[in-house]
Amino acid sequence: QVQFVESGGGLVQPGGSLRLSCVASGFIFRSSSMSWFRQAPGKERELVAAISTIGGSTNYADSVKGRFTISRDNSKNTVFLQMNSLQPEDTAVYYCNTPGQNFDWGQGTQVTVSS
C-alpha cells in the first residue's frame, strides 16, 4: 500500500522559511520522479516542484522559482521542499506524489504565511 507522510508545515511570517519533508512507502521510490503540490482554500491543487529519480533534474512553478528548492534522499525514501522568502500567497496545504499523481494523496502539511 502506497503511503505519503508529509510534515514540516506551520505558521511563519512573510519572508520566513520552512522545510517540508515527505516520507514515501509502498513503491520503488528511487525509480520514481517526485513532485510537491499545493492546494490553497477554494483553489485547484497545483504543481509546485518536481525532481527526477536521482535528483539531477528539477523544475518549478514560475511562482516559486528562486525561492523554493526540491531535493530527495533515496536512502530514506524522502523528498524535501525548502521554502524561503515565503509570502502570504504560499499559504496552502502541501502534498507530495509522483508527477502523474499516480497514488492516493497523503494528509498533507499546512503552511500558513501570515504576520
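The values are calculated or read from the model by the stated rules, or taken from the named source; none is laboratory data. Keep in mind that this is a model prediction, so the values were computed, not measured. Reconstructed Cβ throughout: ideal geometry from the backbone, glycine too, with neighbour counts over all protein chains shown. For accessibility, only protein heavy atoms count, side chains too; no ligands or nucleic acids. Shrake-Rupley method; radii C 1.70, N 1.55, O 1.52, S 1.80 Å.
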Quiz prompt | Protein accessible area in the range 1-95, 1.4 Å probe - carbon and sulfur % | solution = 47
Quiz prompt | Zone residues, the range 6-41, relative to Thr53, backbone N less than 14 Å from point 7 Å out along Cα-to-Cβ | solution = 28-34
Quiz item: What whole-number value in Å² describes the accessible area per residue of the chain for a 1.4 Å probe?
Solution: 52
Quiz item: What trypsin sites (Lys or Arg not before Pro) does the range 34-88 have in DSSP loop regions with at most 12 other beta carbons within 10 Å?
Solution: Lys43, Lys65
Quiz item: Any idea how far apart Ser25 and Trp105 come out in nm if each label point goes 7 Å out from Cα toward Cβ?
Solution: 2.2
Exercise. Just reorder Ser115, Ser35, Ser25 by solvent-accessible area, largest first, 1.4 Å probe, all chains present.
Key: Ser115, Ser25, Ser35
Quiz item: If one computes the Cα centroid of the range 50-71 and of the range 1-46, what distance in Å separates the two points?
Solution: 13
Practice problem: Place +1 on the Cβ of every Lys and Arg and -1 on the Cβ of every Asp and Glu in the range 24-97, take the dipole about the Cα centre, and give the residue among Gln82, Ile28, Ala92 whose Cα lies farthest towards its positive end. | Solution: Ile28
Quiz item: Hey, can you rank 80-86, 5-11, 51-57 by average C-beta count inside 10 Å, highest first?
Solution: 80-86, 5-11, 51-57
Quiz prompt | Rel. contact order, % - alpha carbon contacts under 8 angstrom, at least six apart, the chain | solution = 37
